[in-house]
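K.L.:
The structure follows.
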Amino acid sequence: SEELLAVITENMSDMIRVMDFDGVNIYASPSHKKNLGYHPDKRMGQSALDVVHPDDLEKVILKFEEGRVTGRQVKTQYRLRHANGYYVWLDTVGDIVWDEQGKPKAVVVISRDISDHKAAEEKLRQSEERYRMIVENMRDSITTLDLDFKPTYISPSEIRLTGYTPEEAMKLTPEQTMTPGSLELVRKTIEDVFSAKLDQVMSDPLYSINIDLEIYHKDGHTLWEEVSASFTRDKNGVPNGIMLVCRDITERKTMERALRESENKYRGIFDNA
């Protein structure tokens, strides 16, 4: 059994460390060499806390004390200094070793290197933060709908476009959002997509629709939005939702109307000259 235990501890990737109640190393498994770069014997008789990252030290001490006082298993994640000077993230479980009389004898700690996992988490966090900043500061508004046309998300930029907060906009009905003419245009467009063009929509991942809609602002006036609608899709390419990208084109619409009025005016003058 001792030989079997030796084979296990010498070949396992997880690290086992035994400490007294002052945090001094009594035993460290051979896997410390592979994970932390130093031979286990080099750390015998030294405090295990000496190589903990300064920012994590207080947390580790509190967890150590919690386990010592309660006698219960504790779990935590912290950084430990590698022999080469950089820090390694560890996921650690600590437990009490009891003697035959039921008295606490030592602390056994089992740790696993999770540096790659932490790096992936940090990369994802930075990516999410970057996209959050883009979405929150863009002038266009983004809305996602399920296939029943119920909103599932509205970007913060909605308030700059219509005066409504995303939470307020989520509660509005289509009748409260669009003028009757625009509402009828949307209904006809939906009917067209889900009847005559459904096969094209299902097979073309780049399919999108652009329509101009007259929208109610919170203060009562109307504005014009250019709405680009496309389907979001699952990993198999099957539509599972709708995304709307809305842009304020009120100024453009005003200029177009002024241009038409001007053309009509001078055409009338020309025709009657």
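K.L.:
Using the heavy atoms of the protein chains and a 1.4 angstrom probe, tell me the accessible area per residue for the chain in square angstrom. All intermediate terms of the calculation are to be shown ahead of the outcome.
P.N.:
Values: 17880 Å² over 273 residues.
About 66 Å² of surface per residue is accessible.
K.L.:
Stokes-Einstein at 25 °C, 0.890 mPa s, Kirkwood radius from Cα pairs: D for region 190-254 in µm² s⁻¹?
P.N.:
Details: Rh = 13.4 Å.
D, rounded to a whole number, is 183 µm²/s.
K.L.:
Okay, moving on. For region 153-228, just run the numbers: alpha carbon Rg, then divide by 2.2 N^0.38 Å, N being how many residues it has. List each step's numbers first, then the result.
P.N.:
On the way: Rg = 14.1 Å, N = 76, 2.2 N^0.38 = 11.4 Å.
Expressed relative to 2.2 N^0.38 Å, the Cα Rg reads 1.24.
K.L.:
Distance between Cα centroids, region 220-269 to region 55-100: provide it in whole Å.
P.N.:
Result: 59 Å between the Cα centres.
K.L.:
How many nm is it between the label spots at Gln46 and Gln73, if each spot is 7 Å from the Cα in line with the beta carbon?
P.N.:
Simple spin-label model gives 3.0 nm for this pair.
K.L.:
Could you please state how large a percent of the accessible area of the chain is carbon and sulfur, counting protein chains only and using a 1.4 Å probe?
P.N.:
Numbers: 9680 of 17880 Å².
Solvent-exposed carbon and sulfur of the chain make up 54 percent of the total.
K.L.:
Once the Cα atoms of helix 115-137 and of the chain are each reduced to a long axis, what angle between those two axes, in degrees from 0 to 90 to the nearest 10, is obtained?
P.N.:
Roughly 20 degrees, rounded to the nearest 10.
K.L.:
Would you report the distance distribution of C-alpha pairs in region 137-194 as whole percents per 10 angstrom bin, up to the bin with the largest distance?
P.N.:
22, 49, 28, 2
K.L.:
Report, please, the projected area of the chain averaged over directions, based on the convex hull of its C-alpha atoms, in nm².
P.N.:
Values: hull surface 106.2 nm².
Value for the chain: 26.6 nm².
K.L.:
Ranked from highest to lowest mean number of other Cβ atoms within 10 Å per residue, what is the order of the peptides 258-266, 16-24, 201-209, 242-250?
P.N.:
Numbers: 258-266: 10.0, 16-24: 15.7, 201-209: 12.3, 242-250: 18.0.
Going from most to least packed, we get 242-250, 16-24, 201-209, 258-266.
K.L.:
Shifting gears a bit: What is the spread of the Cα atoms of region 1-97 along each of their three principal axes, largest first, in whole Å?
P.N.:
Projected onto the principal axes, the Cα atoms of region 1-97 cover 36, 32, 23 Å.
K.L.:
From the backbone phi of region 247-259, what are the Karplus-calculated ³J(HN,Hα) couplings (6.51 cos²θ - 1.76 cosθ + 1.60, θ = phi - 60°) in whole Hz, Gly and Pro given as x?
P.N.:
My calculation for region 247-259 gives 10, 6, 10, 4, 5, 5, 5, 5, 5, 4, 5, 5, 5 Hz in order.
K.L.:
Among the aspartates and glutamates, select those whose C-alpha is under 16 Å from the C-alpha of Lys123, and discard any that sit fewer than 8 residues away in the same chain.
P.N.:
Result set, ordered by chain and number: empty.
K.L.:
Where the centre of each part is set by its Cα atoms, how far does region 126-183 sit from region 17-32, in angstrom?
P.N.:
Comparing the Cα centres of region 126-183 and region 17-32, I get a distance of 56 Å.
The values are calculated or read from the model by the stated rules, or taken from the named source; none is laboratory data. All figures in this text were calculated on a predicted structure; none of them were measured in a lab. All Cβ positions, even for glycine, are placed from backbone atoms using ideal geometry, and neighbour counts span all protein chains on display. Side chains included, ligands, DNA and RNA excluded: accessible areas come from the protein's heavy atoms. Shrake-Rupley method; radii C 1.70, N 1.55, O 1.52, S 1.80 Å.
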